[in-house]
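Take a look at the structure below.
The values are calculated or read from the model by the stated rules, or taken from the named source; none is laboratory data. What you are looking at is a predicted structure, and each value in this text was computed from that prediction instead of being measured. Accessible surface is based on the protein model in full, side chains and every heavy atom, while ligands, DNA and RNA are left aside. Shrake-Rupley method; radii C 1.70, N 1.55, O 1.52, S 1.80 Å.
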Amino acid sequence: LWPGSGSRQEDPLGGADGLALASDPGGNLNFLAMVDNLQGDSGRGYYLEMLIGTPPQTLNILVDTGSSNFAVAGVPDPDVTSYFNTELSSTYKSQGIDVTVKYSQGSWTGVLGTDVITIPKGIYGSYTINIATILESENFFLPGVKWHGILGLAYDALAKPSSSVETFFDSLVRQAKIPNIFSLQMCGAGLPVSGTGTNGGSLVGGIEPSLYRGDIWYTPIKEEWYYQVEILKLEVGGQNLELDCREYNADKAIVDSGTTLLRLPQKVFSAVVQAIARTSLIQEFSSGFWTGSQLACWDNTEKPWSLFPKLSIYLRDENSSRSFRISILPQLYIQPILGIGENLQCYRFGISSSTNALVIGATVMEGFYVIFDRAQKRVGFAVSPCAEVDGSPVSEIEGPFTTADVASNCVSSISFHEPVLWIASYALMSLCGIILLVLIILLLIPPRCQHHYTDNDVVNDESSLVRHRWK
């Protein structure tokens, strides 16, 4: 999920990245204690079990790298099975500050407070964290979800109501003295996107070697708000789309575990659909499948994935003259969603269009072990061992490649980020207020203090007064 523009898209994910950290009482991080601490699926989100308050109340928290607030249901809701009752916690302290977070689909309003949390499969000990209790929401908690709150792991620039609200992960880094890095693995490749909701996954503080194969490839974080990266080009079936690289980053490209699909700017999306349709072995395909309004169904004995091409995304390497590519096979973007009778299996298209970002969501992330290295301002990708279907890998990483064929900078230098927009809005409102105040004062000045016009420059029409003064 990304607040304000968001990647809460048409799927029921919000935006929080869960974090699982573990350590022994002696202070040594025990990464293996965090393995398999996530549950869920790509259609409804991956969540982490957390204990909140004193005595502890157990809640499942959606993990989201596309937002920055930690928030939980604070009152009963028909779509959640549990909520955090602040009156039952002796350690809860309300800050009395209202907070609202809006996503591209869905929103919630609550009150900021603080309380202690512990993570059963996470960092050892209890820590005091800013927490928003959700009192009202709209299209946020949805039927069938098994989580009761959202854990935003992006930067404080996105925190509401302001960046002064310390984020969950920043609090852990400060209080537990842990490294400023976490990693995420979601294991749902080839499984129904809204199935049992018990697919595994891991949220680890640091890097756990058992969760990846081969090398980790890193791309710089372009700006610390979302995890914004730089996309250089896309290939479908090994064929370059041949678009200006700035099209891929319009107006940003982010890595967001709270978004279920791979979301592409409209121009890029159209080019990808055309390339897939042209490359696939299907002669005619309903347009509703590409737009997400229709499913495509095949006999259970058929494997439709063999009909579709591989999709590759090129990211700039830390060495700016090089790049690497992450590739997903159709097993990740042609997603099983529904069985009909005994003979049919239906699939959805795991890619959608976006008006304001390219979003690397769960469709892609389920193929990789993703490292959010905040300390060195970079995002790492490695092949995930759980990204297999029928015993075969469905994701690849290759490199390095030269960047001589792309621009030296594919990201716009003008960033109209939400915090900047708020500042600009307040500045303009203040200016308008000052102008209005001056006009009122001028209108109220007694006649004896006013300028005595000659017969030739008297302005009698009141509506002309403002126009006259601004000449």
Could you state the accessible area per residue of region 180-422 in Å², with a 1.4 Å probe and every protein chain left in place?
39
For region 45-178, the per residue accessible area (1.4 Å probe, Å²) is 39
Order Leu112, Leu135, most accessible first, counting only protein heavy atoms with a 1.4 angstrom probe.
Leu135, Leu112
May I ask which of Lys267/Lys377; Lys102/Lys377; Lys252/Lys377; Lys267/Lys303 have a Cα-Cα span longer than 19 Å here?
Lys267/Lys377; Lys102/Lys377; Lys267/Lys303
Two decimals is fine: what's Rg over Rh for region 136-249, C-alpha atoms, Kirkwood radius as Rh?
1.00
Share of accessible surface on carbon and sulfur in region 180-422, whole %, 1.4 Å probe and ligands ignored, is 49
